[in-house]
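The values are calculated or read from the model by the stated rules, or taken from the named source; none is laboratory data. All values derive from a computational prediction rather than experimental measurement. Note: ideal-geometry Cβ built from the backbone for every residue, glycine included; neighbour counts use all protein chains shown. With ligands, DNA and RNA removed, areas are computed over all heavy atoms of the protein, side chains included. Shrake-Rupley method; radii C 1.70, N 1.55, O 1.52, S 1.80 Å.
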Amino acid sequence: MSQPLMVSATIPGPSPAMASRWQYLDNVRRHTGPFTDPDMFDTSEAAVAQIEKMKILVIGAGGLGCEILKNLALSGFKQIHVIDMDTIDVSNLNRQFLFRQSDVGKSKAECAAKFVEKRVKGVSITPHNCKIQDKDEDFYMQFTLVICGLDSIEARRWINSTLVDLVDEENQDSLKPLIDGGTEGFKGQSRVIYPTITSCIECQLDMHAPRAAVPLCTLATIPRQPEHCIEWAHIMAWEQEKPFPKLDNDDPEHITWLYKKALARAQEFNIPGVTYSLTQGVVKNIIPAIASTNAIIAASCCNEAFKIATNTNPSLGAQENYMMYSGNDSIYTYTFKHEKKDDCPVCGNLARGLDVDPNLTLQEFIDSLAARPEAQLKKPSIRAQKTLYMQSPESLRLQTAPNLDKKIGDLVSNGDEIGVTDPSLGRVDFKYKLRFTSDFVSKDKLTTNGDAN
Amino acid sequence: MLKIWSMKQKQQQDANADAAAGTRKKKVTAAQLRVQKDLSELALPSTMKTEFPDPDDILNFNLSIEPDEGMYKGGRFHFTFVISQNFPHEAPKVKCTQKIYHPNIDLEGNVCLNILREDWKPVLNLNAIIVGLQFLFLEPNASDPLNKEAAEDLRSNREGFKRNVRSSMGGGTVKNQTFERVLK
């Protein structure tokens, strides 16, 4: 029974019934096709088994996340992690099919992981019920690739810059392809990013249509739509009356207060259509989610993940990297290459290493920057996590001028990153990662020692 | 996956850049770097001053405007700027901290300036907002009112409106509302 199969069985696996599940997938993985790259594609047993060793991170276990987890598990990935800070709301149940009514209030990541593990035998899904910002670089370092099914631009920007910063020239494994899916109603996109190599989320920031905002004066004077009345209650009435110390979008009592305010205003202007759920939608900026759009985009993301992992077919990435889909007017889809931006604040100016003597004063350091050929700065302003020296505005210049006489070692630590801006640079700025060229003993510490003696 | 890495190595040779070895330390966020850039390019006239309660936190600061012409001349107006990590995708939140009589600023300090809401774009910068705020004091706009009474006042009786502005700036009462004294 435990005897290894000696015949060239087409499919390894615990049981024939299980094995048949992967039969069609294995046909793709074990046979060269018209698009397979002979340099990259490998049909050996070891290469085929590779996919089972890869750790994949899924960010978000919502509309897209549920689809992505299911697709990955059914594509042969065996080690999946999922991270989501949210709990399940009753309104999620129409499309987030891994959740049931009895799960309402529980962690999305945990419920999704449990469900998929139960349905697809042999797959391990590790849930993380927290924010992506709670995890450190070591956590992200363990994955082969990252797939995002997020609804927030802020979270995308965070994971993007984290993965860009993770890239270490000397370590091939530090480069994590990022696959990002996004949907809004009938529209969506999937894109593949090779951090530091191809156009990143920050390069593509202008591809996100900003939330359509209504002029404040329209809200204040003549509202025309129910949404205007809700926004008015949200922005103006709440601030004026402060019924609770801080607005909590998830607190029904708070939403009810806004709903009543909005309703009263709507009646004053004879505007129909203000409801509790619309109030919730406007305040929480809920975008109508369409289950099939999520399914299409998640499918595209997971196909790219599978192709990147197995080299069975060319994937989005090095050339075309952005697939847009619109189902608004029957179907339109277009795939193109979004170019990397040289002045991208995340990947356009990667922190360069800069050797610096920590015993220099900040003034001496600034003078040395002016001499660097790539910089040639006239009026550089410098910040680390703290503001070191700003040439403008005047009040900040005065506040930070005392730092000029301090030593670099007293202001920053070895390995810290600094941002340098200068009006003469136009749109480009510099980031440097400081490397101290000598030991530094703080004067303050010396004084303390002296006092102790 | 190998092919990506060889691309990376080629790119590296081309660029001939070197990254520092060793452990990674604190990073500068894209929002912070952009604000730093915007601030270092600010060209403030003598009528405007910034104030940073914490110079290490450049995402939160105050701005004072002292118009040297127009009907708000002689006043000193204070605004707070709150910038999120989503900047420049999201506009800064700007509020007037004083209760003033102005058609485009309500009694709570909300400001009706198009580039702070519906017309904000990531290509705009802090300078554009500051210029916009200054403009509001030179040319109050009655057609986009946030304070309806003030706008109606400006539209129907410009001279009367000017008088009401003067009296409100001195801490007086206009239309049953007592205003904050903002004269220098």
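From the square roots a ≥ b ≥ c of the eigenvalues of the alpha-carbon gyration tensor of chain A, which class results: rounded (a/c under 1.5), prolate (a/b over b/c), or oblate? Working shown, then result.
On the way: a/c = 1.96, a/b = 1.14, b/c = 1.71.
It comes out oblate by the Cα gyration axes.
Which shape class applies to the range A:62-189: rounded if a/c is under 1.5, otherwise prolate when a/b exceeds b/c and oblate if not, where a ≥ b ≥ c are the square roots of the Cα gyration tensor eigenvalues?
On the way: a/c = 1.81, a/b = 1.46, b/c = 1.24.
Prolate, because a/c is 1.5 or more and a/b exceeds b/c.
Heavy-atom accessible area per residue, chain A, 1.4 Å probe: how many Å²?
Details: 22020 Å² over 453 residues.
That works out to 49 Å² for each residue.
For chain B, take the longest principal axis of its alpha carbons; what is the angle in degrees between that and the long axis of helix B:2-15, to the nearest 10 within 0 to 90?
In chain B, helix B:2-15 runs at an angle near 70 degrees to the longest axis.
Could you grab the relative contact order for the range B:28-178? Cα pairs under 8 Å, six or more apart, rounded to a whole percent.
Numbers: 242 pairs, mean separation 29.3, N = 151.
19 percent.
Round to a whole number: what % of the accessible area of the range A:352-447 belongs to carbon and sulfur, probe 1.4 Å?
On the way: 2210 of 4440 Å².
Exposed carbon and sulfur together represent 50 percent of the surface.
Please say if the range A:352-447 is rounded, prolate or oblate, where rounded means a/c under 1.5 for a ≥ b ≥ c the square roots of the C-alpha gyration tensor eigenvalues, and otherwise the choice is prolate for a/b larger than b/c and oblate otherwise? Mind showing how you got there, number by number?
Values: a/c = 2.00, a/b = 1.31, b/c = 1.52.
Judged from the Cα gyration tensor, the range A:352-447 comes out oblate (a/c at least 1.5, b/c at or above a/b).
Using a Gaussian network for chain B with springs between C-alpha atoms less than 10 Å apart, which of these wobbles most: B:Asn127, B:Asn157, B:Asn110?
So, out of B:Asn127, B:Asn157, B:Asn110, the one fluctuating most is B:Asn157.
How large is the dipole of the range A:27-94 about the Cα centre if only Lys and Arg carry +1 and Asp and Glu carry -1, each at its Cβ, rounded to the nearest 20 debye?
On the way: 6 positive and 9 negative charges, 45 e Å.
About 220 debye.
Quick one: which residues, 5 or more positions from A:Gly182 or on another chain, have an amide H under 5 Å from its amide H? H modelled 1.01 Å from N in the peptide plane, none for Pro or chain starts.
For A:Gly182, whose amide H was placed from the backbone, the distant partners under 5 Å are A:Gln189.
Please state the relative contact order of the range A:216-283 as a whole percent: Cα pairs under 8 Å, 6+ residues apart? Working shown, then result.
Numbers: 67 pairs, mean separation 29.2, N = 68.
Once normalised by length, the contact order is 43 percent.
So if we plug the beta-carbon distance of A:Asp343 and B:Thr173 into 1/(1 + (r/R0)^6) with R0 = 56 Å, what FRET efficiency do we get, rounded to 0.05? It would help to have the intermediate numbers written out before the result.
Values: r = 52 Å, r/R0 = 0.93.
My answer for the efficiency is 0.60.
Report the calculated FRET efficiency for B:Asn62 and A:Glu52 (r = Cβ-Cβ distance, R0 = 56 Å), to the nearest 0.05.
On the way: r = 57 Å, r/R0 = 1.02.
That gives a FRET efficiency of 0.45.
Give me the summed buried accessible area for the A-B pair, 1.4 Å probe, to the nearest 100 Å².
On the way: alone 24890 and 11650 Å², together 30590 Å².
Chain pair A/B: roughly 5900 Å² of buried accessible area.
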